[in-house]
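The values are calculated or read from the model by the stated rules, or taken from the named source; none is laboratory data. Here the structure is a predicted model, which is why all the values come from computation and not from measurement. Please note: Cβ atoms are built from the backbone with ideal geometry, for glycine as well, and neighbour counts cover all protein chains shown.
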Amino acid sequence: MPLTTDVKTELTSVRDPRPTARVAELTTILRFAGGLHSIAGRVAVEAELETDILARRVARDLVELYGVRPELAHVQASGGRSGNSFAVRVIDGGETLARQTGLLDQRRRPVRGLPNKITTGARPDLAAVWRGAFLATGTLTDPGRSAALEVACPSGEAAMALVGAAHRLGIAAKAREVRGIPRVVVRDGEAIRNALLVMGAQKTAAAWEEMRQRREVRAGVNRLVNFDDANLRRSAQAAVAACARVERALEILGETVPDHLKQAGDLRLAHRDASLDELGHHADPPLTKDAVAGRIRRLLAMADKKAAQEGIPDTESAVPAGLED
């Protein structure tokens with residue numbers, strides 16, 4: 001997904017200098033991209049990331065914020081991902097790191113959602129939570145009917161924590177489960193743009209908005225074209241039906257048709273695509289469109305009455321199949 005790659009490339013370069021924001025982003029990445037494992041009886045912290053650049057950045061943050069030196073490994077991606085991924089592991093000091101980041105509580109139990117201290121933080125911290133979550137497992141699709149910004153979550157509790165952070169940031173997000181995987185989804189076009197801006201993907205937000213506006217304009221033009229086509233089609237069908245009825249009316253009435261009604265019928269047949277107003281201009285002397293419509297209406301009514309009296313097909317019977325409406 002080119003857009004997803006663009007967002008992650010841009011977000012990887014975002015560096016919030018505030019320690020609380022850096023901790024919130026790093027903790028969320030560790031929670032969403034991996035989590036806690038037990039290796040040889042010891043608690044290990046591991047994150048599986050898509051790019052070498054992001055993996056090195058996470059490793060650098062671990063050193064700078066917590067003083068631990070992680071292992072970096074190039075591994076085959078798991079969890080249905082394609083291609084390779086890059087693992088960042090902390091085994092020595094893993095339990096201490098898990099406690100410091102809030103991934104383990106005071107009773108050594110894994111935290112199911114996100115640590116309370118980062119989900120109740122200031123706006124920059126909440127933005128960092130979203131940035132970390134998207135860097136770990138986020139995707140962005142092209143603008144359109146199925147446009148969505150999604151983040152796959154490690155648990156339902158983590159999804160609800162992310163939704164709560166979104167609402168505090170003014171972003172309309174919802175949690176849902178797809179094939180057993182909890183996800184947080186942002187679907188509204190304006191909300192997607194705001195989410196990108198909040199996370200720090202300014203360039204991608206501008207490009208996405210431009211694509212969205214272009215598609216909306218194109219869709220609007222297509223709707224107008226289709227509307228015009230439908231109107232033209234209906235007008236043509238109505239003209240065919242009207243002429244068919246007038247021809248049948250003149251046939252039914254024959255020599256008994258009044259001259260002024262015959263004149264209106266002849267005008268209709270001579271100018272099949274003309275509007276009632278245009279037919280009035282062709283009359284001699286000229287008539288208003290209401291006068292023309294009235295005469296044609298009386299012509300059809302007179303013919304249908306005679307057809308009913310004589311037990312023969314009326315004017316409606318002459319309308320081709322499919323044009324009765």
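Any idea which of 40, 47, 59 is under 18 Å from residue 111 (Cβ atoms) and in the same structural domain as residue 127 (by TED's automatic domain parsing)? Even if it seems obvious, please write down each step before you answer.
Details: 40 fails: under 18 Å from residue 111 (Cβ atoms); 59 fails: under 18 Å from residue 111 (Cβ atoms).
None of the others qualify; the one that does is 47.
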- line: Note on residue 101: of the conditions (1) among the β-branched types (Val, Ile, Thr); (2) free of Cβ contacts under 8 Å to residues at least 40 places away in the same chain; (3) in contact with a Phe, Trp or Tyr (Cβ under 9 Å, 6 or more places away or on another chain), unmet is (2)
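Out of the residues in the stretch 194-214 that are modelled with pLDDT of 85 or more and farther than 22 Å from residue 32 by Cα, which is surrounded by the most Cβ atoms within 10 Å (Cβ to Cβ)?
Initial filter on the stretch 194-214 (modelled with pLDDT of 85 or more): 194-207.
Subset that is farther than 22 Å from residue 32 by Cα: 202-207.
Details: 202: 12, 203: 13, 204: 23, 205: 20, 206: 13, 207: 15.
The residue in question is 204.
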query: Can you find a residue in the stretch 23-34 that is farther than 16 Å from residue 134 by Cβ and either among the basic types (Lys, Arg) or modelled with pLDDT under 90 (or both)?
result: no
message: Among the residues in the stretch 263-277, are any modelled with pLDDT of 85 or more, in a helix (DSSP H, G or I), farther than 19 Å from residue 319 by Cα and not aliphatic (A, V, I, L, M)?
response: yes
field: Restricting the stretch 41-58 to residues that are buried (at least 21 other Cβ atoms within 10 Å of the Cβ) and part of a helix (DSSP H, G or I), the residue that is nearest to the chain's Cα centre (by Cα)
entry: 54
field: Residue count, the stretch 167-194 (criterion: among the small types (Gly, Ala, Ser) and more than 15 Å from the chain's Cα centre (by Cα))
entry: 3
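Does residue 68 count as at pLDDT 85 or above, β-branched (Val, Ile, Thr), assigned to a strand (DSSP E or B) and crowded, with 17+ Cβ neighbours inside 10 Å?
Values: at pLDDT 85 or above: yes; β-branched (Val, Ile, Thr): yes; assigned to a strand (DSSP E or B): no; crowded, with 17+ Cβ neighbours inside 10 Å: yes.
So residue 68 fails the test.
Could you please let me know if residue 87 is farther than 30 Å from residue 169 by Cα, surrounded by 13 or more Cβ atoms within 10 Å (Cβ to Cβ) and touching a strand residue (DSSP E or B) at 6+ places or on another chain (Cβ under 6 Å)? Talk me through it step by step, then tell me what you get.
Values: farther than 30 Å from residue 169 by Cα: yes; surrounded by 13 or more Cβ atoms within 10 Å (Cβ to Cβ): yes; touching a strand residue (DSSP E or B) at 6+ places or on another chain (Cβ under 6 Å): yes.
When the stated conditions are applied, residue 87 passes them.
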query: Would a scan of the stretch 227-245 turn up a residue that is out of contact with any Cys (no Cβ under 7 Å at 6 or more places or on another chain), farther than 26 Å from residue 117 by Cβ, at pLDDT 85 or above and in a strand (DSSP E or B)?
result: no
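For (1) surrounded by 13 or more Cβ atoms within 10 Å (Cβ to Cβ); (2) in the same structural domain as residue 247 (by TED's automatic domain parsing); (3) without any contact (Cβ under 8 Å) to a residue 24 or more places away in the chain, each residue gets a yes or a no:
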site	(1), (2), (3)
273	no, yes, no
278	yes, yes, yes
282	yes, yes, yes
292	yes, yes, no
295	yes, yes, no
299	yes, yes, no
303	yes, yes, no
311	no, yes, yes
